[in-house]
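The structure appears right after this line, and notes come after that.
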Amino acid sequence: MTETGEVEGRAGPPLWWARRRDAVWDVALGGVSAVECAWEGVPFAAEAGLPTTVGVLFGFVVGATLVLRRRWPIAVVLVGIAVSPAAMGFLLAVVGMYTLASSEVPRRITATLASMSLAATFVVMYMRTRGDVEADPTLVVVLSVFVAVALTVPPVLFGLYIGARRRLMESLQERADSLERELSLLADRAEERAEWARTEERTRIAREMHDVVAHRVSLMVVHAAALEAVAVKDPARAAKNAALVGDMGRQALTELREMLGVLRAPPKPAPAPVPAPDLVPVAAVAAVAAAGAVCGVEDGPSLGELEALVGQSRAAGMAVEMLVHGEGAAYAADVEQTAFRVVQEALTNCHKHAPGARVVVRLAHRAGEVAMQVENGPCDGKSPEPGLPSGGNGLVGMRERVLGLGGVFVSGPTDAGGFKVSAVLPTA
């Protein structure tokens, strides 16, 4: 390991090259081009009347500029065009034009430099073959055009093809990266939805357990207190209260058993989905489906059972009056269950916090909505406190139920010293 923590021999590419392989390849091409131009510098020096060393050194420097082809392709092509009268730089011209055409240089610049290179090659070939070939001038022109086109057009076309292919691959890579990010985002959102569904289901189950257990147990405690008070003085009433306690306990067990049965039942099979790419984790989909299956429970209490509910509170010694306004209709199961639970929890709170108070239950059937209200007066001061614990979740659960259906929930003390719970549920 080096001082920077990198493994020796694995340092990044030098200078402007993206990969070490590109640097090695360009240096090798530059070396071959330098040797070629240095060799061609010998006759150039003889023709120009310069020392051979100067011609070789000049050719070496010119050929070595090919190393810069990725950084400055325009400069390399211009050097190749400039030295074309000296009849040197064959490799420099071909590779330079290919690099220019495959780079991100604007096409108008590429076309201009390609035309300049084509013209320079044609002129040089024509001037050099005009006096050496004893043939028709037309043949010289055709030969010069052929050589100029052969040295210029193929590198340009091949470079354009490679550049387009490279840009296509980069575009495909970007799309693949974008798709991968989108898939990751969809997976994260699916996990969030699954966790939200699990949280909602746990909240719903806790709310149902609270409503079922709290009401039944509250009535059992009230009846047990009455049983203790009259056990010696009134055996007949004590027996009646004992029977009521037993009924309350059996009803509570029955409701709990029904809830546990629903939780343990396997979820209903979902319809076969249309084949599609795996955009979300299977575990997340399974969790959402399981939660949705449990949430879709339709068995539950309804508004038709409110009379029996009020009768149970009356049997426990509470003075309850029930008033119904309007003609009832068959509402959705979740609406009737929510309305029942609101009245049930409100009566439970009356047992806990307002012993001996007068309670009025109002139910109103209106156009497009159903309203319920449970109002109790002040305690009479004579009835003993049942000593029931309160976790403060009753009002919260009622509010969540009502707001979940798009209804309105209001609760608070009254001017008379009592407490009032009101809710309005849309039936559409």
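The values are calculated or read from the model by the stated rules, or taken from the named source; none is laboratory data. Remember, it's a predicted structure, so these values are computed and weren't measured experimentally. Glycine gets a Cβ as well: all are built from the backbone with ideal geometry, and neighbour counts include every protein chain shown. Keep in mind that these areas ignore ligands, DNA and RNA; they rest on the heavy atoms of the full protein, side chains included. Shrake-Rupley method; radii C 1.70, N 1.55, O 1.52, S 1.80 Å.
Below are the figures for this structure:
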{"read-out": "The range 47-169, accessible surface, carbon-and-sulfur percent (1.4 angstrom probe)", "value": "73 percent"}
{"read-out": "Per DSSP, loop GluC sites (Glu not before Pro) in the range 106-204 with at most 11 further Cβ within 10 Å", "value": "GLU134"}
{"read-out": "Full-stretch length increase - ALA119, MET209 - with 0.36 nm per residue and alpha-carbon distance subtracted", "value": "23.2 nm"}
{"read-out": "Gyration tensor (alpha-carbon) shape descriptor, the range 30-140, a/c threshold 1.5", "value": "oblate"}
{"read-out": "Estimated distance in nm for a label pair at LEU405 and LYS240, the labels positioned 7 Å out from Cα along Cα-to-Cβ", "value": "3.4 nm"}
